[in-house]
Structures are given as C-alpha cells and as structure tokens.
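Okay, structure first, notes after.
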Protein chains: 2
Amino acid sequence: MILKMYDLAGAQSDRRFSPYCWRIRLALAHKGLDVETIPWRFSEKGVLEPSGQGRVPVLVHNDNWLCESWVIANYLEEQFPDRPSLFGGPKGKALSYLYSTLGDYHASQIVRMVLMDIYDHIAEQDKPYFRQSREQRFGMTLEEVVQNREELLPIFRDSLFPLRAVLKSQPFFGGDAPLYADYALFGQFQWARCISDFELLAVDDPIVHWRSRMLNAFDGLAATAPAY
Amino acid sequence: MILKMYDLAGAQSDRRFSPYCWRIRLALAHKGLDVETIPWRFSEKGVLEPSGQGRVPVLVHNDNWLCESWVIANYLEEQFPDRPSLFGGPKGKALSYLYSTLGDYHASQIVRMVLMDIYDHIAEQDKPYFRQSREQRFGMTLEEVVQNREELLPIFRDSLFPLRAVLKSQPFFGGDAPLYADYALFGQFQWARCISDFELLAVDDPIVHWRSRMLNAFDGLAATAPAY
C-alpha cells in the first residue's frame, strides 16, 4: 500500500505550512501509516485534477483521490478501523467535528496576523496568484490586512479561553492522549510557526505546553519541520 | 432514590434561568432521572452550605451534595452507567469538556447583552446583591454593561461560526441525537430566552433550528418553561 499526499510547500520545498495538511500528517502518524508527501505549490492546480478541485491536502490511496481534511480523516478511520481510532467511536466522531470547524475559525483569525509572512515564504511563481486571490478575498492589500495585527492578537488570545480552560484539566483535548480533535486545533499553530516568528501565544499560556506536547508527538514529526 | 436540585429562580418561582442549571436539567432528562427542583435565589446562599460553596446548580443525591455543572455531569455518568451515556464513552467524555468551557465562554459574551434583563427578572430581595456583585465584577453599572449590546451582537454571532458549520452537517453536536455537549451549549441560549426578548440569533441561522430541536427534546422540557 502506498499513500501519497500533496502537501503545500514554500519556496523551500521542505517548508510545509498548510494547517489542513498538518492535520492529516498527524492523523496519518496516529494511524501508524507511512505516507509519501509530495511538495505542492499554489501554481500547480493541474496535478490535483483527479480530486475534482484545486486545494490541498489531497490524499491518494489506491485509486481514490480525496480532498478536505475532515473528509480525509473520516476516510482514514473507515479504511483502517483496526488501527488506533482518531475519534474514539461514533459519538467521538460526531463530537470531533466541532474541533475541525473551530480550527477553521482559528485559521480565519490567524491569517489576518500572518498573511505577509506566508507571502514572504512562498515560491516566486506562486506570488502573483497568492497576492491577487487574497487581496480579492479581503478587499485590501496583503500589507493592509496585517497592519493592525497587534490589535487583533489580544482578541485572538481571549477567544482561546475555552481551549485554555480544558488544558488546565487534561493534557490533550482527547484526554490522556491526542485524538483528531488535537490535530484539528494544532494544525493552525503549526502553520503559523512554519512561516512566522509572530508570537500567537503568551509564554505562560497553558496552550503553549499543549503545543509543545503536540510538537513532540510521533518522534517530533512537527517539531523537526522547518519553522520558527 | 430522590434527586434534588437547587435551581436558580427569578421573582416568579418557575422562571428558572441559570445556564448551568439548564445543562443539568437536560442531563438528568437524558439519563431518564426524575428530579425535584427547588427554586433558589441569590440571597439564599446559606441553604447551599453543605455543598461547600454558594452557587447553583447544586445536586443532592443520597448524602452527596454536588456543585459545578461539569462535575455533576461526570457524577451522573459514573453513578448511572446503565442509563444512556452523556458522553459516548471515555474519549467522548474528554472531547465533551471543550463544549462545557465553550459554553462558559458564550455565557461571558451573552451576559454583556442581557445583564439588565436578568436584573429585571430577579426577586426584589436579590437585587441589591446582584447589582453590587456584578457592578464590582464589570467595573461599571449594569446599565453601562449592556449599553453597547447592539455592537456586541454581530461579534457574538460571528464567533458562533464553528457551531453553525457543524449544524449544517449534523442535527446535534452529539450526532443524530443530543449528548451532554449539546446541553452544555444550549444552556446559554435557554438562559437568554428565559429572561430576555433580545434576539441573539438571526432567524435564518442554522443554530436556531438546533435550538428548536433542543427546546422540543424530552417532551418540550425547555420549551414549556416560562420564557420569551
């Protein structure tokens, strides 16, 4: 069995920074599945055509081309039921979905603080597309999006209150060990540290300790990736 | 077996409005447990003394006096393991805690929009304590806390994005049927509607449909309570 994953890369091909790809990298490690990751750049939408769309992660398993991190996580759980569960059962799966959508919400907050840092790390051939598409999405220049990031930071940190409160009582959102819930929330923090030295968390935040545990999981899979 | 619960009441003794008490009312219904609810007011801290603190919900089971909604939910799950699970297993329990802390966060947002409505509904003897304690907590008068609620509303609604995204795909956070996760999030919406006609949700919000399903659960336990 060969699993392949198209994984968003920067100018440097081992700088893998997509939050959604990180969710799946960790989910694959959780399942003990080897994967061949293929560095992919925004300008290579054509190679994803069999998946029917143009965004990563795309996982290729046998002849199946899968996209969207939540769909891929569900696929892995169904295809590899004898390996460690990502959700802890059917109820756990239902409960895990909010972690995925909460991670998406965090991504929408974080992007307003690190958008220029992404731009600075992507390949030259990706830059015109990235600038044009993001400036259209935000209705302003990349530079304008991030100009008040120091004001957004305390709002973001305050919104993490629910995560902080959980981590005061248990080491992972999944309990004593991480589950997909953890990967879905961690992806965004890993994304940010892969392309930015902007400190999203205060040093004494309990979330920092959880992030360290996540970085060190699976023999430091996330910790050893090029990052700040 | 007689279960008793001290339940926050307004001037009208059947106006039960604590978000945390509602979480437990629904958890008890989920377990199929009858409970005698005792209307309790802020000025009656003395009667809660056996619980070692002064806030509701307080559940009395045999000689055990329990407080804090998450602790009570865990107690119910342990004491009544043969009845429908609130969490869907140990992993589900770990995953459910974020719903409780997220509910707490929503409460901290909602209170800034409905604080005067609470004041208007509580018993006369509770009013001096309520005003003094809340004005101290917020560092301003009750009237000042809620004066910009129209500006807070879109921020609150935006922050509900993760809930909305889940409810587009599944009827409850617990999947096909509600779990404690649902009760932990619903408590705050029930709280607001028990004491305020301020519309927290837009009429076309998918969260409204979930709220209706929750209102109608357990023969309309929440729907039939005095409310707006």
Condition test on A:ARG23, is it touching a Cys at 6+ places or on another chain (Cβ under 7 Å) and not aliphatic (A, V, I, L, M)? no
Of all residues making up segment A:193-212, the number that are over 16 Å from the mean Cα position of the chain (by Cα), surrounded by fewer than 16 Cβ atoms within 10 Å (Cβ to Cβ) and not hydrophobic (A, V, I, L, M, F, W, C): 4
If I filter segment B:203-210 for residues that are part of a helix (DSSP H, G or I), away from chain A (no Cβ under 12 Å) and free of Cβ contacts under 8 Å to residues at least 12 places away in the same chain, do I get at least one hit? yes
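Can you say whether A:GLN188 is touching a Pro at 6+ places or on another chain (Cβ under 9 Å) and not charged (D, E, K, R), as far as the supplied structure shows?
Here the answer is yes, as A:GLN188 does meet what is asked.
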Can you confirm whether B:LEU86 is in a loop (DSSP other than H, G, I, E, B), touching a residue at least 60 places away in the same chain (Cβ under 8 Å) and aliphatic (A, V, I, L, M)? yes
Keeping to segment B:138-151, report how many residues are within 23 Å of A:SER159 (Cβ to Cβ) and crowded, with 16+ Cβ neighbours inside 10 Å. 3
With respect to A:GLY92, is the statement that it is part of a helix (DSSP H, G or I), within 22 Å of A:LEU163 (Cα to Cα) and more than 16 Å from the chain's Cα centre (by Cα) true? yes
Top-ranked residue in segment A:34-57 [being over 22 Å from A:GLN188 (Cα atoms) and of a type in the set (A, V, I, L, M); ranked as surrounded by the fewest Cβ atoms within 10 Å (Cβ to Cβ)]: A:VAL47
Lone qualifier among A:SER108, A:SER100 - being free of Cβ contacts under 8 Å to residues at least 24 places away in the same chain, in a helix (DSSP H, G or I) and closer than 20 Å to A:TRP22 by Cβ: A:SER108
Going through (1) modelled with pLDDT under 95; (2) under 18 Å from B:GLY220 (Cα atoms); (3) of a type in the set (A, V, I, L, M) one by one, B:ILE2 fails only at (2)
Given (1) within 26 Å of A:ALA223 (Cα to Cα); (2) more than 10 Å from every other protein chain (Cβ to nearest Cβ); (3) exposed (fewer than 15 other Cβ atoms within 10 Å of the Cβ), identify the lone condition not met by A:TYR183. (3)
Taking the conditions exactly as written (in a loop (DSSP other than H, G, I, E, B) and either at pLDDT 95 or above or within 8 Å of chain A (Cβ to nearest Cβ) (or both)), does B:PRO81 satisfy them or not? yes
For A:LEU115, the lone unmet condition from (1) farther than 23 Å from A:ASP14 by Cβ; (2) touching a Leu at 6+ places or on another chain (Cβ under 8 Å); (3) touching a residue at least 12 places away in the same chain (Cβ under 8 Å); (4) assigned to a helix (DSSP H, G or I) is (1)
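Does A:ALA165 satisfy being of a type in the set (Gly, Ala, Ser), under 30 Å from B:TYR99 (Cα atoms), surrounded by 16 or more Cβ atoms within 10 Å (Cβ to Cβ) and within 14 Å of chain B (Cβ to nearest Cβ)? I'd like the intermediate steps shown before the answer.
Details: of a type in the set (Gly, Ala, Ser): yes; under 30 Å from B:TYR99 (Cα atoms): yes; surrounded by 16 or more Cβ atoms within 10 Å (Cβ to Cβ): yes; within 14 Å of chain B (Cβ to nearest Cβ): yes.
Taking the combined requirement at face value, the residue satisfies it.
Here is a yes/no grid of residues against (1) in contact with a Cys (Cβ under 9 Å, 6 or more places away or on another chain); (2) among the aromatic types (Phe, Trp, Tyr); (3) on the phi > 0 side of the Ramachandran plot:
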residue	(1), (2), (3)
A:PRO57	yes, no, no
A:ASN64	no, no, no
A:TRP70	no, yes, no
A:LEU86	no, no, no
A:GLY92	no, no, no
A:THR101	no, no, no
Could you tell me which numbered condition B:ALA11 fails, if it satisfies all but one of (1) surrounded by fewer than 15 Cβ atoms within 10 Å (Cβ to Cβ); (2) assigned to a strand (DSSP E or B)? (2)
Pairs under 8 Å by beta carbon, first residue more than 20 Å from B:GLN12 (Cα to Cα) in segment B:42-53, partner exposed (fewer than 15 other Cβ atoms within 10 Å of the Cβ) and modelled with pLDDT of 95 or more, six or more apart or different chains? B:LEU48/B:GLY54
Which ones in segment A:86-137 are surrounded by fewer than 19 Cβ atoms within 10 Å (Cβ to Cβ), within 8 Å of another protein chain (Cβ to nearest Cβ) and of a type in the set (S, T, N, Q)? A:SER108
How many of the residues making up segment A:211-228 are in a helix (DSSP H, G or I) and at negative phi? 7
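The values are calculated or read from the model by the stated rules, or taken from the named source; none is laboratory data. Note that this is a predicted model, so its numbers are computed, not measured. For neighbour counting, all protein chains shown are included, and Cβ atoms are generated from backbone atoms with ideal geometry for every residue, glycine included.
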